[in-house]
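Structure record follows, encoded as structure tokens.
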């Protein structure tokens, strides 16, 4: 099976995580119960949990069937995946407004995702030199492509006003960016503080994820009556995905016109 460069990078990142934590442990000691416990422990991020499970399975099968290591049956086999989750929901106005009071790492991550319309993991790794005047270089990890888009004034001002020093907008150290996992953990902690605010709006904050900010950006572009090509120029999404957002935006616009005409408002 031929994999895209983006998919290969995703697998390699997961391989490195496993290697970092388990390089000194014998592979043969891995048990199904341990894998299941790890998988369940990642339930807050079901996609990442299933990705971990799939990666363990690939490594085990390769070692057993291609390298002829004397291993038992694949311990990841038979562990139920969380599976496809509900569609990412675009952030509502009340939550987007609350972002201004979020912890700095969550606030900056949110501004990066919302401002560029990119996937959270890629946006969080934005280097400071990605900003070049009115332009900012973004990376589509899935398509393994880097391209420049116009940078919103709000985001440009945020980056330009950062203190001098680290190479990345969200820095772990002088030369390394924060990881998606660490920022997502901070986001979930902040989201937990919004439960009462959400109730005021007859909503539930737990319905929303960092990816929902990318969805919000895409919906905003569609509702601003941007062409499909214009939306793709910002987000790098497929024509099919853009068409989906366009359909949603057109439906809302037409329903507003229809209802106003109906009630003569």
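Tabulated results
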read-out: Inter-probe distance in nm under a simple model that places probes 7 Å from Cα toward Cβ, at residue 11 and residue 259; value: 4.8
read-out: Highest-MSF residue in the chain out of 70, 152, 166 [GNM, Cα springs under 10 Å]; value: 70
read-out: Stretch gain in nm, segment residue 3-residue 40, where the contour uses 0.36 nm per residue and the Cα spacing is subtracted; value: 10.5 nm
read-out: Candidates 229, 90, 102: whichever shows maximal mean-square fluctuation once the chain is modelled as a Gaussian network with Cα springs under 10 Å; value: 229
read-out: On Cα atoms only, tilt of 32-41 relative to the major axis of the chain in degrees; value: 20
read-out: In degrees, nearest ten, helix 180-192 long axis to first principal axis of the chain (Cα); value: 60
read-out: Relative contact order (%) - criterion: Cα under 8 Å, at least six apart; region: the chain; value: 18
read-out: Long-range Cα-Cα pairs in region 34-159 (distance over 18 Å), rounded percent; value: 66
read-out: Added length on full extension, which subtracts the Cα-Cα distance from 0.36 nm per residue, residue 140 to residue 72; value: 20.6 nm
read-out: Pairwise FRET efficiency - residue 107 versus residue 229, Cβ, R0 = 35 Å, nearest 0.05; value: 0.65
read-out: For Cα extents along the principal axes in Å, calculated from these coordinates, the label among (i) 75, 49, 41; (ii) 56, 37, 34; (iii) 75, 40, 35; value: (i)
read-out: Chain lengthening between residue 179 and residue 153 when straightened (0.36 nm per residue, less Cα-Cα); value: 6.8 nm
read-out: Between 0 and 90°, nearest 10: helix 104-116 axis offset from the chain longest Cα axis; value: 70
read-out: Rg [Å, one decimal], Dmax [Å, integer] - region 5-66, C-alpha atoms; value: 11.8, 34
read-out: For region 145-190 and region 74-124, distance of Cα centres in Å; value: 14
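No lab work stands behind these numbers, since they all come straight from the coordinates. Small disclaimer: the values here were computed from a predicted structure and weren't measured. Heads up, the Cβs are rebuilt from the backbone with ideal geometry, glycines too, and the neighbour counts pull from every protein chain shown.
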